[in-house]
Each structure stands twice: as structure tokens, then as C-alpha cells.
Amino acid sequence: MRMTRKLLELAGIGAERLHVEWVSSAEAQRFADIAAAVVASLKEQGPLDHEAAGMRLEACEMTVNAEPLRWLVGKEVKITSRGDVYGRPWSQDRYESLMDAMLEREYQKNLIYLAVQGGCTSVRAISERVGLGLKRVSYLLADLEKTKRVEFKGMEQKKPLFGAL
């Protein structure tokens with residue numbers, strides 16, 4: 001759940017939109033109280049603009065389905081309890097820091113990919129569409145090229161152009 005909250009924050013949607021509670025069938029009043037609190041919270045936040053958040057939500061979905069993140073989640077208990085393949089111990093904080101960095105990187109790559117897929121071809125156009133700096137977009141575009149998700153299409157007025165694969 002921590003990862004999902006972090007991802008919603010990265011996307012600008014807000015972690016407070018996610019409500020998860022365990023409630024027994026024997027806890028009717030507790031269920032009613034939680035439901036009322038969720039409704040009040042969502043009313044206070046106002047409706048989510050699905051049109052404005054569409055690309056960010058799609059990038060979130062792509063991120064949680066990405067292999068690198070699934071791999072890290074699957075290895076968390078092993079690495080934090082027994083250490084990495086070299087026997088080095090990992091604290092929970094260190095592992096969560098790595099997860100946060102990977103989550104942010106994968107989310108940003110997916111956002112850039114969606115911008116390119118949506119017709120943004122230059123680094124500047126992508127940067128403006130996704131709200132990341134030119135240097136970060138360039139760096140992540142190189143990674144997307146290596147993984148065969150985007151390709152360099154050529155130059156136009158001394159500017160590199162990219163396309164989605």
C-alpha cells in the first residue's frame with residue numbers, strides 16, 4: 001500500500017484518495033464509520049479530473065505492471081531478512097529508498113513513453129507535456145531507446161526527434 005500511495009503522490013493525484021481498511025463482517029458499525037469517513041474525505045478533495053489525470057493514471061498502471069517493480073516487490077522479504085546475493089544486509093529503510101527511486105524512474109519513463117506515443121516527438125515537447133526537466137527527459141529517453149520502447153527518428157532543425165515503438 002505504501003508503494004501505491006507513493007505512486008499516487010508522484011502522479012499528482014494524491015495518496016489521500018486511497019483508502020484501505022480491513023473490516024470483519026462482524027464489524028458493521030466500524031464499516032459504516034469507515035465508509036462515512038471515506039465519503040467525507042472524497043467530498044472534501046473534490047472530483048478527480050479524469051481527463052487531466054488520464055495519462056498520469058495510465059502511467060501509474062503501466063508502472064505497477066512493470067517487471068522491474070514486480071521483481072523488487074517479490075524480493076523484498078528475502079533481501080531485508082537475509083541480505084542480497086553477496087550476503088550484505090539491507091535495512092527496511094534502505095530497501096524502501098531503492099523502491100521509491102525505482103518507482104519514480106519507472107513512472108517517469110512510462111509518462112514519457114505515453115507522451116511520445118501521443119505525438120510529442122522532441123525532448124522539449126515531451127518535457128512540456130510531462131512536466132519534467134529537459135535533462136531528465138533526455139536521460140530517460142536514452143533508457144527507453146535501450147529497452148526498445150522508443151526510437152530516434154532523425155533530426156529536424158538540429159533537434160532530435162523520437163517515436164514510440
Residues that are exposed (fewer than 14 other Cβ atoms within 10 Å of the Cβ) and more than 13 Å from the chain's Cα centre (by Cα), at least 3 per element: which helices (runs of 4 or more DSSP H) completely within the range 61-165 meet that? 67-82, 92-117, 134-146
Here are the criteria: (1) in contact with an Asp or Glu (Cβ under 7 Å, 6 or more places away or on another chain); (2) touching a residue at least 60 places away in the same chain (Cβ under 8 Å). Tell me which single one residue 100 does not satisfy. (1)
Taking the range 32-66 and keeping only residues that are closer than 14 Å to residue 8 by Cβ and among the charged types (D, E, K, R), one is left with 56, 58, 61
Is it the case that residue 4 is at pLDDT below 90 and of a type in the set (Ser, Thr, Tyr)? yes
Can you tell me which residues in the range 40-60 are of a type in the set (Gly, Ala, Ser) and either free of Cβ contacts under 8 Å to residues at least 40 places away in the same chain or not in a helix (DSSP H, G or I) (or both)? 40, 41, 46, 52, 54
Just checking, how many residues over the range 46-60 are loosely packed, with under 12 Cβ neighbours inside 10 Å and either of a type in the set (A, V, I, L, M, F, W, C) or closer than 24 Å to residue 103 by Cβ (or both)? 4
Scan (1) out of contact with any helix residue (DSSP H, G or I) (no Cβ under 6 Å at 6 or more places or on another chain); (2) of a type outside the set (S, T, N, Q); (3) surrounded by fewer than 13 Cβ atoms within 10 Å (Cβ to Cβ) for the single condition residue 34 breaks and write down its number. (3)
I want to confirm something. Restricting to the range 104-158 and keeping residues that are touching a residue at least 24 places away in the same chain (Cβ under 8 Å) and of a type in the set (Gly, Ala, Ser), which single residue is nearest to residue 72 (Cα to Cα)? 115
Identify the single condition in (1) modelled with pLDDT of 90 or more; (2) surrounded by 13 or more Cβ atoms within 10 Å (Cβ to Cβ); (3) outside any helix (DSSP H, G or I) that residue 13 does not satisfy, given that it satisfies every other one. (1)
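The values are calculated or read from the model by the stated rules, or taken from the named source; none is laboratory data. Not measured: the values here are computed from a predicted model. With ideal geometry, Cβ positions are generated from the backbone for all residues, glycine too; neighbour counts draw on all protein chains shown.
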